[in-house]
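Worksheet for the structure shown next.
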Amino acid sequence: MNNQLLNNLRKTIFWSLDTIKGSKIQREIKNIERVLSSPNLSTLKERTKEPLTILLEHAVNETEYYKPYQGYGDLSDFPVMDKRIITSNFEKLLSKSKQRQKLYKTFTSGSTGTPFMVVQNKEKKIRNTADTIFFASKAGFTIGDKLLYVRLWSNKLSKSKVSSNMQNIVPINIDKLNDRYIQELLDSLKQDKSSKGWLGYPSALEKICDYLDKNKSKPLDCNVKSIIGMSENLSDHVRSRMWYYFNSPMVSRYSNLENGIIAQQSIDSDHFTINWASYVLEILDFEKNEPVKDGELGRIVITDLYNHALPMIRYDTGDIGSITSKTDGSIPVLKTVEGRKADILLNTSGNMISAYQFMGITVDFPDIDQIQYVQTGKTSYLIKLNTEKPFTGEEKLVLRCKEIMGAQATIDIEYVDEIPLLSSKKRKITKNLMPSDEISQLVN
């Protein structure tokens, strides 16, 4: 049996099993489609009113932590929470009734490296599966297709060979992405003519593109139907190179392990479609728990509508972003996702600088293998460079950076052997070493 027939068989088995179990996943997908196809904001709010009300009522009646909020008026009456609050109030946040059911543990450390665990009820797990299938399909991926999943495969995330084969997942550990491994991987993809898709860190996919660039490769004929970047900002450079080599458009996904898929770019837009079907998303001020003006950067705060085991109401994700909505009542979209506050640089006037601006600079300097922009003070910055060949573009690089940081910026350059990786094996392009309270005082 050829690989494509196996893909089709996996698809048939998956949906047959769902049908036998009551079509739970299919039912959730239909709900997601209905909510996200809402013609306007008013209809969207009406279609998400019921799950939000059920969640809030469940939280105030079933958890010790939310019991004091039984007289709430709306969502804004609830406190904003974060990982620290969840960890220190874990038992109080657990649902009394859901504790008697089977719960699923989810672990994450993120960029902070601090272990963090949440639990989810079965309904939430099913909803996550439906979200994944729905948004993957929007990028061109079909259940049953081979998934080339590039990430750090830790012990807690690693899958058995049997499980990987059943799900048709090829786990690609970014620790193994050397030239030899990449070539063997590409050879196997060219031999396998079945439908497949990429999912992974953009920085890891960039390594594959760099290898292909170095070898002056032509586009590869390996039947890739979808490419999704996750967990990091996606630069136009990586997007265009992946599209060129694998003949499929690439989109960026905004998600986390503790919740699921929060938003995803569409193929024809840089903006992110927010998963309003499963979450309520707010952009709040950095110092006050109040909404920012339309288009301004703020903290991304979400309410998870389907995790009743450990209600995450107004959960501060630790990420920064901006939302755009129109006065005509259309549905808001996520304009940017900028990463964490500690990763955001300020220009000399105190305005936040998008990481995408720095990504645009790097493309113009192909001799740079790795780069990191570090803010050390209000107007002082450090650029860390890792280059294999002697770099002669220092002056031009500094001038380009001053266009973004400000003419008064003091910029030093430091050559390093390696830009350190996070525990998740992701690499930050920007880093702010200023104290958090000082950053808050300077932000305009």
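The values are calculated or read from the model by the stated rules, or taken from the named source; none is laboratory data. As the structure is a prediction and not an experimental result, all values here were calculated from the model. In this analysis, Cβ positions are derived from the backbone assuming ideal geometry, glycine residues included, and neighbour counts consider all displayed protein chains. Heavy atoms of the whole protein, side chains included, go into the accessibility calculation; ligands, DNA and RNA do not. Shrake-Rupley method; radii C 1.70, N 1.55, O 1.52, S 1.80 Å.
Using only the alpha carbons, work out the radius of gyration and Dmax of the stretch 222-324 in angstrom.
Just the Cα atoms of the stretch 222-324 yield Rg and Dmax of 15.5, 50 Å.
Beta carbons within 10 angstrom, averaged per residue: use that to sort the peptides 407-420, 129-142, highest first.
Going by the mean number of other Cβ atoms within 10 Å, highest first, we get 129-142, 407-420.
Which FRET efficiency value, to the nearest 0.05, do you get for Phe107 and Leu433 by plugging their Cβ-Cβ distance into 1/(1 + (r/R0)^6) with R0 = 41 Å?
Working: r = 28 Å, r/R0 = 0.69.
So, using R0 = 41 Å, E works out to roughly 0.90.
Let me check something: with ligands and nucleic acids excluded, how do Phe391, Phe272 order by accessible area (1.4 Å probe), largest to smallest?
The ranking, largest first, comes out as Phe391, Phe272.
Note down the accessible area of Lys190, probe 1.4 Å, to the nearest 10 Å².
Roll a 1.4 Å probe over it and Lys190 shows about 80 Å².
How about Lys83: which lysines have a C-alpha closer than 16 Å to its C-alpha, ignoring those fewer than 8 places off in the same chain?
Cα-Cα hits under 16 Å: Lys92, Lys105, Lys341.
Give Lys122/Lys428; Lys146/Lys176; Lys67/Lys335; Lys138/Lys216; Lys45/Lys125 a once-over and call out the pairs whose C-alpha atoms are over 25 Å from each other.
On the way: Lys122/Lys428 35 Å; Lys146/Lys176 20 Å; Lys67/Lys335 35 Å; Lys138/Lys216 31 Å; Lys45/Lys125 23 Å.
Violating the 25 Å Cα-Cα cut-off are Lys122/Lys428; Lys67/Lys335; Lys138/Lys216.
Which order do peptides 304-311, 164-171 fall in by mean Cβ count within 10 Å, highest first? List each step's numbers first, then the result.
Working: 304-311: 24.6, 164-171: 15.5.
Top to bottom by mean Cβ count within 10 Å: 304-311, 164-171.
Report the relative contact order of the chain, percent, no decimals, based on alpha-carbon pairs under 8 angstrom and at least 6 residues apart. Intermediate results must be reported in sequence, preceding the final value.
Values: 778 pairs, mean separation 64.5, N = 444.
Once divided by the residue count of the chain, the mean separation gives 15 percent.
Using a 1.4 angstrom probe on the protein heavy atoms only, line up Trp276, Trp243, Trp198 by accessible area, largest first.
Largest to smallest exposure gives the sequence Trp243, Trp276, Trp198.
Using only the alpha carbons, work out the radius of gyration and Dmax of the chain in angstrom.
Looking at the chain, its Cα Rg and Dmax stand at 22.7, 67 Å.
Roughly how far apart, in whole Å, are the Cα centres of the stretch 1-61 and the stretch 251-327?
Comparing the Cα centres of the stretch 1-61 and the stretch 251-327, I get a distance of 19 Å.
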